[in-house]
Amino acid sequence: MREETTATLRRDAIGLREVLFQSITAMAPAAAVAASIPSGAAFAGGSLPLAVLVALVACLFTASCVAELARELPAAGSVATYAARGLHPAIGFLVGWGYVFVETLVTPLLLLQLGFTTAGTLHEEWSSYPADLWWPCSLAGAAVIAVAGYLGIRASARFGTVLGVFEILVFLVFAIWLIGRAGDANTLSVFGASHTADGYSGISGVFAGSVYTVLAFAGFEAAAPLAEETRDPRRTMHRAVLGAALGIGLFYVVTTYAMTVYFGPDLFARFGASGAAFWEGVARTSFGLFRVLVFLAVVNSTIANANACANVSTRTAFALARIRVLPRLLATLHPRHRSPVAGIALQSVVAVGAVLGLGFAYDPVTAFLLLATVIVTVVVGVYIVVNLACAGYFLRAGREKLRPVRHLLFPLLGIAAFVPALLTAAGLPVFDFVTELTAPVSYAGPVVALRMAAGVVVLLILLRRHPERIAETARVHVEQPDAVTGRHDGTVRH
């Protein structure tokens, strides 16, 4: 089928429900509950529910900033546009350059998790299944995500909605069952600091646990790049970003509380992401049906997360290619589905290449940790810049729009919350609970540095040869659909 290069994504294609679940599935709630959040138990112990609650409040500061900017600047460029308008177009370009890079890597990250999670579980059930035969599941997941993306945002977003509902329901039902089984062991003391792990007593343990838990919230901004395909984007984006952060944050609190009181607050410091002291392990020993459902929910979560982040990377790449700061080819849309087919093709190639290349060069778990470190380091850095952009934008907007608490205090608190998370993700031992990274995971730092250095070089070239393109990173195309092309038919001028 013939493809065309166009400046217009499909308008009014999706509504609040689909956009909300775009952010929800990008946060991978089931995978976060099962794998990410338990990492905080080594510090917070049985006070982990309090640590999760603290992380929720901290993340809401940044989510509020993203939501405010998404309402003011509904654009597929999302965080790049916010930084360009709130700080400077050059900063907007660098934010977009880094954000597209890491969001493209999220898909292979989740496909690796899909592969080793499925292979490991099948090997436990049937020892004849090779534990190292992980790659067929990863490739199958890549194919599913590529097809969903190719069919357009309606198909992709509805697919994500179905997956998101399933994983949330499974863990909520399991959590309620655990709370019931806990009986008299239910206690609000887990929302205090009396159950922290040895060596991290009191508030210090809660703080350390919350830093690791903050990282489980990454992805709440993923609705924003769908602004140009959403009905009533100003209102919808604001509600979706805040709703996802708040809703999934409360989901984390409930599920963590349930497992803590069931497992035992004073024993919870040894709870982890594998073995008997693990969500699937508890499900296996306590109730057989939930063992299968928890496994399916985690697998489901990896696919849903990869699908959502593929939407993010391809829409952000489209926005930057539309103004020609990335290759124009990435602005190619399918004539009927209006999906960014060139971006989807590149996303698929990168995903398969990274999964097979890194997975076999090291092993799928090590490759996962390497990619996760690269991704989280950049994404948390982007959150810090967006907080600054929120303050900058509303200071420039004038008194009629400026709200000191929302637009000045919240950005400051958001930065304060994410700086420790950035140091933790990068493995910089500023705090005693930060683990210094070892090779090959420590290669993440040089990879990020090289990527951003290349971005600076490209930026300098564009500023010298095509400064108007950098200025275009600040444009909101929903309001000015012919601003780039100079025409009304939507075709990009070559």
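Bear in mind these aren't lab numbers, they're just calculated from the coordinates by the rules spelled out. These numbers come from a predicted model, not from an experiment. Reconstructed Cβ throughout: ideal geometry from the backbone, glycine too, with neighbour counts over all protein chains shown.
Here the range 168-255 is treated with +1 on each Lys and Arg Cβ and -1 on each Asp and Glu Cβ, and its dipole about the Cα centre works out to around 220 debye. Report P(r) for the range 177-263: all Cα-Cα distances, bin width 10 Å, range 0 to the bin holding the largest distance, values in whole percent. Going from the shortest bin to the longest, the percentages are 15, 33, 27, 16, 8, 0.
Stretching the chain fully between A143 and V173 yields a gain of 7.7 nm (0.36 nm per residue, less the alpha carbon separation).
Strictly under 4.7 angstrom between C-beta atoms: which cysteines of the chain have no such partner? C59, C137, C309 - these cysteines have no disulfide-compatible partner (Cβ-Cβ under 4.7 Å) in the chain.
Peptides 314-324, 416-426 ranked from most to least packed give 314-324, 416-426, packing being the mean of other C-beta atoms within 10 angstrom over each peptide's residues. Candidates V162, V457, A367 compared by Cα position along the dipole of the chain: farthest toward the positive end lies V457, with charges placed on Cβ. Relative to the dominant Cα principal axis of the chain, helix 89-125 is inclined by about 40°. Cα centroids of the range 111-128 and the range 59-92: how far apart, whole angstrom? Their Cα centres are 40 Å away from one another.
In this simple spin-label model, placing a label point 7 Å from the Cα along the Cα-to-Cβ direction at both V350 and N186 gives a separation of 4.6 nm. Here the range 131-198 yields Rg over Rh of 1.23, to two decimals, using C-alpha coordinates and the Kirkwood radius.
From helices alone, the chain scores -22000 deg cm²/dmol at 222 nm; the rule is -39500 (n - 2.57) for each run of n ≥ 4 DSSP H residues, then divide by the residue total. Between the range 384-398 and the range 277-299, the alpha-carbon centres lie 44 Å apart.
The simple Förster model, with R0 at 25 Å and r as the Cβ-Cβ distance, assigns S286 and W126 a FRET efficiency of 0.70. Peptide packing for 131-144, 437-450, 225-238 was compared via the average number of neighbouring C-beta atoms within 10 Å per residue; ordered from the highest value, the list is 225-238, 131-144, 437-450. Placing +1 on the Cβ of every Lys and Arg and -1 on the Cβ of every Asp and Glu, with nothing else charged, gives the chain a dipole about its Cα centre of roughly 1720 debye.
With point charges of +1 on the Cβ of Lys and Arg and -1 on the Cβ of Asp and Glu, referenced to the Cα centre of the chain, which listed residue (F116, P404, T187) lies farthest in the positive direction of the dipole? Result: P404. Here the Kirkwood formula, the inverse mean of 1/r across different C-alpha pairs, assigns the chain a hydrodynamic radius of 22.7 Å. Karplus-based coupling profile of the range 29-37, in residue order and whole Hz: x, 5, 5, 5, 5, 7, 10, 7, 4, with θ = phi - 60° in 6.51 cos²θ - 1.76 cosθ + 1.60 and x standing for Gly or Pro. First check a/c for the range 356-472, with a ≥ b ≥ c the square roots of the eigenvalues of its C-alpha gyration tensor; if it is under 1.5, answer rounded, and if not, answer prolate when a/b is larger than b/c or oblate otherwise. Since a/c reaches 1.5 but b/c is at least a/b, the shape of the range 356-472 is classed as oblate.
For the listed peptides 90-99, 392-401, 261-270, a ranking on the average number of other beta carbons within 10 Å per residue, highest first, reads 90-99, 261-270, 392-401. As a length-normalised measure over Cα pairs under 8 Å and 6 or more apart, the relative contact order of the chain settles at 33 percent. If you take the alpha carbon atoms of the range 272-344 and fit the smallest convex hull around them, that volume is 97 Å³ per residue.
Here the spin labels are modelled as points 7 Å beyond Cα on the Cα-Cβ line, and at S442 and R403 they lie 4.6 nm apart.
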